[in-house]
Structure formats: C-alpha cells, structure tokens
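The values are calculated or read from the model by the stated rules, or taken from the named source; none is laboratory data. From a predicted model like this one, the values you see are computed outputs, not experimental measurements. We place every Cβ from the backbone using ideal geometry, glycine too, and count neighbours over all the protein chains shown. Heads up: the accessible areas ignore ligands, DNA and RNA and are worked out on the full protein's heavy atoms, side chains in. Shrake-Rupley method; radii C 1.70, N 1.55, O 1.52, S 1.80 Å.
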Amino acid sequence: LPIFDLSSILSSSTSAKAWSDLLPITREIFQLLKKTNFDIDFSKLSNKLLLAKRLAQCLNPECPSGVHEVVLDIYYLILHNIVFFNETCLMDNLGIYACGLFPFYPNASLNNKKKFIDKIIYGCFLCFRSDEITLCLPGLLTSLIQGLDDNNDSTKDQIYTVFYDLSKKVTENVFYGVYWTLILRNYLLRASGMKYLLEKTVKYADYEKMTQEKKEEVIFNEFPNINTVVVNALCQVIEEKDIPTVRTGMDFVISRLPLTKANSLITDEAKVTLITSALKLLIKNEYSTTRRLKNLILGANIHDEEIDLENDDMVYKKELVVQAFLTIFKPEILYTQEKLTNNLRIVGQFSEQQQELADYILPKIAYNILLCVVHYWQTELNSSEKAKSEKIIQTLYDFLNKDPRYLQWLWISIANNLNSIGEKTNKENNEKAQSDEK
C-alpha cells in the first residue's frame, strides 16, 4: 500500500474548515482502502494511530450523517481486513479503533444505527474470537445500552437481538457479569439497562418451579456474583435520584429477589443490604416508591388487614428490617448533621406508615438511635459547633414527642441494652476470675 498517499490524505483533513469538508476526504480514504482491501494487511499500517484518530473525529455528533455513513464503511473495511489476514483483531488494533466506534452509537441517526449493527457488530465484532469480544464487551455494551434510550421499537429489538447473540458468543455468565458491573459503576446506564434486565431475567415465581439443576444454571448465568455485584448494583439503582429508575429497580427486587425465608438466591446479609437502601426511599416521601417498599417488606398484593405479623415469614422479615435499621444507625460511625437528620426522618416516616411493624422494630433500635445522636453531639461540642449539636438534639426531641409510643420504645430499648451490657460484663468478670484462679 502506498503509505505516503494515505498520509497525504490524512494530512489534508487538518485543513478542513467545516464538517462538510470531511466528506470528500473520507470518501477518498474509503476508495483507497477498498482498492487494496485484500492486497495489504491493514494491521501493519504505519500511520494507523493517526487514521484511527481522524476516523474517530469524523464520528463527532456534529458531523453530517453522510460523513458518519462513509466512516462506518471505512471501519468495516479495516476490521474485516485485519480479521482476514490475522484471524484476530487483538494486538494493538482493536483498542485504537473501538475507542472511536463505541461513543458513536448513542448519537447516531436511525439509519446509521442500523448500519452500525449490521456492518460493525455483525460484520466485524461477532466475527472475532470470543476472548476478543470479551475484551471489548464493557465498551460495546455501554454503547448499545445507551441506545435503548431512544424509545424506538425497531432500535430496541435490534439491540436485544445483538445482546442475545453476544451472550451466546461469550457465554451468558460473562455477558451478564459485565452487564451487572456496568449497572453498578455507570449511573448513565441504570435507567435503560434495568429495563432490559426486568424483561429478560427469570422471575422468582418461575424460578421456584425449576429443577435444582436448572436453578443453579440460572443463578450462574443471569446473576453471577449475586451477593456482591448484583446486590450492590441494585442498591445503586434503588438509591438513584431519578424516580422512574428507582421504580424499575424496586420492581426488579420484588419480582426477582423477594425477602421471603424460602428465597435462598441471596444471603440474609444481602437481603439486609437491599432493605437498607430501600428504607432510604422514605426520605423522598414519594408515593410510588414507598408503596413498593411496603410491597418489598410485606409482600406484593397484600392488604393491611391480611397481614399476619406472627407467621414465620413475617418474623423472619421483621428481623431483617431490624438489622437494616441497625446498619443505618451505627454508633461507631461519625455522621454529618444532614445524614443523621435524614436517618431520623427515615425512622419517623417508617413509624407512621408501618405502625404494626414499628411496635416490634423500634424498641430494638431506639437505643442505637440515641447513641448515634449522643456520639454526634459530643463530637460537635468538641469541635465547638454547639449550634449544630443543639439542632440535632431538637430534632430528636421533636421525634420522640411526636407519638407517646416513641418514648416508651426508647425506654424499652435502653433497658434491653443495659441488660445485655450487664450480662456481658458479668460474663467477662467471671471469665477473668476463673482465669485468675488458674
């Protein structure tokens, strides 16, 4: 390949004064590469870094769609050529070209999105080896998940088909492992990304009917690292500011990971983690999300008059909620004024909305609430910020005086904890006495 010709064309692109000036330049590059398509190995181009940079610039959203169309053809020629000669696109090729392609898809026109999927995904990427696809899967999924925001049925169907084919190429375990990690790490993907998971993953009601072998297969494939990555990703979704995203996340937890005792998909610790995040929704005081919180704890489609708080499942759930509140109120943590005030609001809202549960839960956590406030108060006094400390004390005072039961719960909780402290002290003293005797 006459490298100097390609260099000359690339150099001319720096003199372009408008995006429209790039169209003849990209066409010239396309014609030159097409002419020598299977005569020369494009992975050995000496100026491929500059070429990749120029191609990426030509996929700028401000550029005309006609330029985008030609550039996609160029990418196809290059990637297809490299695979033809090398049976691989790894080495130092995949990264330099993929970093220009992946950001393009969310901003592409409808026609170019279809071309991207037909030529780049199916014509190139799905021709790579599975280890190569795995290498670039995070970037590829990030690009395509954002494309689901279009609310275009044809685009959505195309992406869903691509996801299916990708999962078969790299295995479902790898696909969903990367997918859940992206939901965990990238807030931009949570809204549209969770909709796909809500449609495509197995519901718990269907999961219960499966054989043990099939259950293990579902967990391995659709929920890899379920107690860590999946649960933490769902917590991030539930704590999002965007209400529709929160609703989707709560719907997913309710339908896939119910808090029943029979659900062994996740550990008790993971269930407590989910409840802890869900309880924070009470701060928003938004009907649709607090209703879902109630469904999560009490069970979907259950009316207040139907609740039996003493059955085994509810006793189990009540203990999970207690542990979640104890996670929210940890005396050893130094809370900010805003954080502690919000935590008190969570308790207040929960007590008002779930009075039956509050009668059981609040006596078990009131002592921890008091310790957190005292810890904050003492720390703030040492920092000479008395005004903030007094505000927290007033907040606690208002909370305890809102309902006569609150103060009663506090005394019960203090008494129970003092008994526990006394028993622990006696045990330690007895052990020390026995040790001294020996």
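Numbers below:
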item: Only one of Val315, Val322 that is farther than 18 Å from Val231 by Cβ, assigned to a helix (DSSP H, G or I), open to solvent by 40 Å² or more (accessible area, probe 1.4 Å) and of a type in the set (A, V, I, L, M, F, W, C); result: Val315
item: Near pairs, Cβ below 7 angstrom, 6+ apart or cross-chain, from the stretch 272-286 (more than 11 Å from Ile238 (Cβ to Cβ)) to any residue that is of a type in the set (Val, Ile, Thr) and surrounded by fewer than 23 Cβ atoms within 10 Å (Cβ to Cβ); result: Val272/Thr327; Leu282/Thr290; Leu282/Ile346; Ile283/Ile346; Glu286/Ile243
item: Options Ala387, Ala358, Ala366, Ala324; residue that is within 21 Å of Leu281 (Cβ to Cβ), at pLDDT below 90 and among the small types (Gly, Ala, Ser); result: Ala358
item: Residues being open to solvent by 60 Å² or more (accessible area, probe 1.4 Å) and in contact with a helix residue (DSSP H, G or I) (Cβ under 6 Å, 6 or more places away or on another chain) - total across the stretch 340-353; result: 1
item: Number of positions in the stretch 122-161 that are open to solvent by 50 Å² or more (accessible area, probe 1.4 Å) and in contact with a Pro (Cβ under 8 Å, 6 or more places away or on another chain); result: 2
item: Any hit, the stretch 98-121, residues being open to solvent by 40 Å² or more (accessible area, probe 1.4 Å), without any contact (Cβ under 8 Å) to a residue 40 or more places away in the chain and either closer than 16 Å to Asn186 by Cβ or in a loop (DSSP other than H, G, I, E, B) (or both); result: no
item: Candidates Leu265, Leu259, filtered to the one that is within 23 Å of Asp308 (Cβ to Cβ), of a type outside the set (Val, Ile, Thr) and in contact (Cβ under 8 Å) with a residue 24 or more places away in the chain; result: Leu259
item: Close pairs from the stretch 317-338: first within 19 Å of Leu298 (Cα to Cα), partner open to solvent by 60 Å² or more (accessible area, probe 1.4 Å), Cβ under 6 Å, at least 6 apart; result: Lys318/Tyr360; Val322/Lys364
item: Residue within the stretch 86-94 that is of a type in the set (Asp, Glu) and either open to solvent by less than 10 Å² (accessible area, probe 1.4 Å) or part of a helix (DSSP H, G or I) (or both) present; result: no
item: Residue within the stretch 331-339 that is in a helix (DSSP H, G or I), crowded, with 17+ Cβ neighbours inside 10 Å, of a type outside the set (D, E, K, R) and modelled with pLDDT of 80 or more present; result: no
item: Residue among Lys241, Lys195, Lys214 that alone is open to solvent by 30 Å² or more (accessible area, probe 1.4 Å), over 18 Å from Arg292 (Cβ atoms) and charged (D, E, K, R); result: Lys214
item: Leu357 being part of a helix (DSSP H, G or I) and open to solvent by 40 Å² or more (accessible area, probe 1.4 Å); result: no
item: Of the criteria (1) under 30 Å from Ser351 (Cα atoms); (2) at pLDDT 95 or above; (3) over 15 Å from the mean Cα position of the chain (by Cα), which one Thr248 fails; result: (3)
item: Residue satisfying all of: in the stretch 6-46; charged (D, E, K, R) and either more than 25 Å from Leu94 (Cβ to Cβ) or touching a Phe, Trp or Tyr at 6+ places or on another chain (Cβ under 9 Å) (or both); modelled with the highest pLDDT among these; result: Arg27
item: Filter result for Arg291 (part of a helix (DSSP H, G or I), basic (Lys, Arg), free of Cβ contacts under 8 Å to residues at least 60 places away in the same chain and surrounded by fewer than 16 Cβ atoms within 10 Å (Cβ to Cβ)); result: yes
